[in-house]
Amino acid sequence: MAASSTAPRPGRLIDSLDEAASALRSGRLVAFPTETVYGLGADAFNEASVASIFTVKGRPRSDPLIVHVASAGAAEALVRLGPGGLELMRRLTASFWPGPLTLVAPAVPELPSAVTSGSGYVGVRVPEHALARELLQRAAVPVAAPSANRFGHVSPTRAQHVMDDLAHHPILVLDAPPADCCGVGIESTVVKIDEQAPPHRMPHLGGRVSSSCCAAAACPRLLPAAARPSPLPSQGRMLLTHYSPDLPAYLLRGPQLLAAPPPGAGSAPLSLGEAVLLDFGGRLAHLRPAAAAYRDLSERADAAAAASGVFEALRWAEAQHAAGARCVLVADVEAAARGGEAAECVPALADRLYRAASGVRAELVASPGTGGAVAVWLLPPEASV
């Protein structure tokens, strides 16, 4: 659990774009809202400032940073592509920028190696959020910015989330009202443009922009992201354990109660009364009276709506430890999601929840002779796949 303290903290909320822009140019770190999540920004060409991002977040130096810019032209100035790659980039940017799409391409040699983690590639995007774009225009520098949170913790979608995680560092946090902040709610989709090894790959699915959208717009040979992440220590967003709340989280295999613990289940079950339920489409609503706390990500099983609030919900869930909660149980969003346009968001939403739970699944078991009590049994790793 993150340490709490009443001592003054050097981190500070601000509402002045000019102050934020000046701070970036002078080498300070500034957290700012985007349509996806809050980013922790530094001038991408200021090597010392970029290095401080890793220190403040506790982020491995092997994990490269996305660079945010005010225009497609500014993005092109940061990459080295031949005519074919540049044409593809322009088709994608014309369709999806400004917006939650990050394009990864060979970096210009002037970018500090801390930005690319020595990979020779850089991710670039033009955010859609009005405050972010105005900040980038006023700062007039490309801004390297990962999510503004403790590394591995739930991504921040509110200024207060950033303060909760990082205010013990001397950063500035550009405030924005929750109603006008991080509406997509999860990170951007990532597409890698590699002229030496086509087809082009989508290593990470994010909000709104899907593989089918990208293929239709520009690249029919685009390979989709993997259905489940594998541990890749050089790419934080691809780690199996990521977006994790400070309470252990588990994925429920189903809403039904079993009569007996499944084979190989752990020997020390939790009680449903100690669990926070994060529901989807009302699948777990019948268990609400027995749980420590309950919240439905989307009563209509709308994956886009659920994605827009999933990180805020995970932070709410971890805060229930004050009321005695010991774990978070998450409904199976893939089983309940409805069709239509929102269905495009299901894989990205399921991915975030899968990794918030480190891929660990659980079953609910009725406890005989206990007046209807329900136990939570964790499944062994081989049963969690």
Charge dipole of the range 249-378 about the Cα centre (unit charges at C-beta), most positive-ward option of LEU284, ALA375, SER308: ALA375
Farthest positive-ward along the range 30-98 dipole, Cα basis, beta-carbon charges - from THR34, ILE66, TRP97: ILE66
Where only alpha carbons of the range 249-378 are counted, the Rg and the Dmax (Å): 14.2, 46
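Any read-out appearing in this document is the output of simple, stated calculations on the displayed coordinates, not a laboratory observation. Just so it is clear, the model here is predicted, and its values are computed rather than measured. Quick reminder, even Gly has a Cβ in these numbers, built from the backbone with ideal geometry, and neighbours come from all protein chains shown.
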